[in-house]
1. Pull out the extension gain between Gln258 and Gln154, defined as 0.36 nm times the separation in residues minus the alpha carbon to alpha carbon distance; nm, one decimal.
2. May I ask you to compute the full-extension gain from Asp294 to Ala240, defined as 0.36 nm times their residue separation minus their alpha-carbon distance, rounded to one decimal in nm?
3. Counting pairs of alpha carbon atoms under 8 Å apart in space and at least six apart in sequence, what relative contact order in percent does the chain give?
4. So which residue, out of Gln128, Gln26, Gln244, gets the largest mean-square fluctuation from a GNM of the chain using Cα contacts under 10 Å as springs?
5. What size of dipole, in debye to the nearest 20, comes out for segment 94-198 about its Cα centre when the only charges are +1 on Lys and Arg C-beta atoms and -1 on Asp and Glu C-beta atoms?
6. Which whole-number percent gives the relative contact order of segment 160-309, counting Cα pairs below 8 Å spaced six or more residues apart?
7. Which percent, nearest 5, of DSSP beta bridges in the chain are antiparallel?
8. Which whole-Hz ³J(HN,Hα) couplings does segment 148-156 yield from phi under the Karplus relation 6.51 cos²θ - 1.76 cosθ + 1.60, θ = phi - 60°, glycine and proline marked x?
Amino acid sequence: MSAQFVLLEQEALLHITGPDTLKFLQGQTTCDAAAVTAAQAVVGAYCTPKGRMVCDFLLGQLGEEHYALRLRRSVADVAASTFGKYIVFSKADIAPERSDWQVVGIWGESSAQALSELGIDVPGGRYQSTAGEGWLLVQLDDEGHYLEAWIDMQEHSAQYDRLRQALQAGDANAWNGAQIRAGIGRVEDTTSEMFLPQDLNYDVTSHVNFSKGCYTGQEIVARLHYRGKAKRRAYPTVAATTEQPAAGVALYAAGKSQSVGTVVNSGRDGDQVLCLVSATREGLEQGLRVGSEDGPLLEALPLPYALED
């Protein structure tokens, strides 16, 4: 019954401030940005006009007219540049260079209890949030076993010190492995503009809101949802190798020279190498291999939620 924490250096916060922030994001991204408050975060993605994702994110509120997108650090610059082309028409400003706020992962069955014992108000559901001076806490699952703390390390580092004193130090690979088992895919620099939201199951993980208004790439994403069927889906797997495959590496089925999938993310769970992959169902059933038809075999793990097709 432990609670662990780790500073997630692979994550970055893209800060956007101003009265038009949520209106701007509502017209650009797949999520219902209008739903965001100090008590509610949302997950989403930004797509090209062709529906390919530039980045995924978790959007939260840090203060009055102050919001942040948590995304992979490797795509932060391209995301800031892409958003920056359009934000000039809104009463909002983007700050891509800020490093004062950092992302901390917290996990374990006793996470909520440990935080409560520190006097921290813990959210009560998936993507709900609580906030205080210099910090935001977001729950990532239904049970409260996985949370993220966004902390202003320059002005309020004492908040991080409290976590260090009360929780067990963990490893970023273990955090990544847990996210892979949860079936939550992340867009990396090597996969930016590669995947449609459905390729990472974002249509069933709350990343896409199909009842909101128009946004960039909406026509492609909605057409696939209502009139088509995703050719590839995301699945957690365990790899028969000690090396972590890089995001973007092609996957093959035995005896097939044509790629049937792509590595989305990789991580470790003890001695096991875990991979979240986006692949065809047929390829998964035939047995996915990394890099070539003779590469390391990937064994499928249970997907903890149901796919619609």
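1. 32.4 nm
2. Stretched fully, the Asp294-Ala240 segment lengthens by 18.2 nm.
3. Computed value for the chain: 19 percent relative contact order.
4. With Cα springs under 10 Å in the chain, the top fluctuation among Gln128, Gln26, Gln244 is at Gln244.
5. Numbers: 6 positive and 17 negative charges, 38 e Å.
The calculated dipole for segment 94-198 is roughly 180 debye.
6. Values: 272 pairs, mean separation 42.3, N = 150.
Reported relative contact order: 28 percent.
7. Counting only bridges with both partners in the chain, antiparallel ones make up about 95 percent.
8. Result, ordered by residue: 10, 10, 9, 10, 7, 6, 7, 9, 9 Hz.
The values are calculated or read from the model by the stated rules, or taken from the named source; none is laboratory data. Source: prediction; values computed, not measured. All Cβ positions, even for glycine, are placed from backbone atoms using ideal geometry, and neighbour counts span all protein chains on display. Each accessible area value is taken on the protein alone, full model and side chains, heavy atoms only, with ligands, DNA and RNA left out. Shrake-Rupley method; radii C 1.70, N 1.55, O 1.52, S 1.80 Å.
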